[in-house]
1. Kindly state, to the nearest 0.05, the FRET efficiency for residue 152 paired with residue 119, given R0 = 30 Å and r defined as their beta-carbon distance.
2. Evaluate the Debye formula for the stretch 110-190 with equal point scatterers sitting on the alpha carbons, no solvent, and hand back log10 of I(q)/I(0) at q = 0.13 Å⁻¹, in q order, two decimals.
3. Label point 7 Å out from residue 139 along Cα-to-Cβ: which residues of the stretch 26-54 have amide N under 12 Å?
4. Provide, as a two-decimal number, the C-alpha radius of gyration of the stretch 4-98 over 2.2 N^0.38 Å, N being how many residues it has.
5. Regarding the stretch 65-166, what is the average projected area of its C-alpha convex hull, in nm²?
6. Quote the FRET efficiency, to the nearest 0.05, computed for residue 78 versus residue 24 with a Förster distance R0 of 25 Å and r equal to the Cβ-Cβ distance.
7. If the stretch 86-146 were replaced by its equivalent ellipsoid, with semi-axes equal to the square roots of 5 times the Cα gyration tensor eigenvalues, what would those be, largest first, whole Å?
8. Quick one: Kirkwood hydrodynamic radius for the stretch 53-121, alpha-carbon pairs, angstrom, one decimal?
Ligand code: ADP
């Protein structure tokens with residue numbers, strides 16, 4: 001299996017690059033953000049609870065996203081590999097993911113981290129908010145909080161994967177093609 005974590009701050013371009021990676025390697029894509037937005041649309045109990053966190057730019061509780069991912073992994077027994085987009089976002093999530101994959105006899109091969117500076121992220125998110133209608137992309141204070149939470153809770157995960165020799169940082173500036181080429185330069189080796 002080829003199991004990739006596509007990592008980076010909000011607005012780094014994870015979704016765009018995931019779409020291309022899943023096509024190239026025939027992987028199953030799990031985006032916790034997309035799954036949560038699906039639950040909000042359905043107005044499920046989980047979705048309505050999660051919306052309260054999302055609309056403040058906070059993280060949804062670990063237990064919620066971990067059980068979502070666990071379920072998805074179970075549903076995809078014959079997958080060639082997974083791409084995790086927006087997950088894990090905290091150390092307990094990373095530990096849970098390692099455990100879930102170990103139970104399946106597999107592991108994360110690589111964390112690809114898209115690196116983009118803050119001013120560019122804010123610009124991209126506000127732009128995306130205009131087209132996507134995502135309310136968490138339309139308010140500067142929500143965006144600022146998401147970036148703050150990213151820096152304090154999520155960015156330390158680069159160390160977690162670096163310790164396992166799995167961290168690769170890639171500059172997330174340039175055309176979509178240029179960035180994709182840099183990512184596949186790494187993933188082609190697996
Ligand atoms: P982005 O990376 O652009 O912020 P996402 O779609 O990945 O967008 O996430 C949107 C929101 O969903 C996050 O701000 C957070 O509230 C929630 N969320 C998504 N994934 C997770 C996760 N793994 N853990 C906790 N909360 C999450």
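1. Details: r = 19 Å, r/R0 = 0.64.
It comes to 0.95.
2. Debye intensities relative to I(0), on a log10 scale: -0.52.
3. Counting only backbone N, you get 52-54.
4. On the way: Rg = 13.2 Å, N = 95, 2.2 N^0.38 = 12.4 Å.
This ratio for the stretch 4-98 stands at 1.06.
5. Numbers: hull surface 30.4 nm².
Computed as one quarter of the Cα hull surface, the answer is 7.6 nm².
6. Values: r = 19 Å, r/R0 = 0.75.
Given R0 = 25 Å and the Cβ-Cβ separation, E is 0.85.
7. 31, 13, 11
8. Values: mean 1/r = 0.0730 Å⁻¹.
For the stretch 53-121, the Kirkwood estimate is 13.7 Å.
Laboratory data are not the source of any read-out in this text; all were calculated from the coordinates shown. The structure presented is a predicted model; accordingly, all values stated were derived computationally and were not measured. Here Cβ is always computed from backbone atoms with ideal geometry, including for glycine, and neighbour counts include all displayed protein chains.
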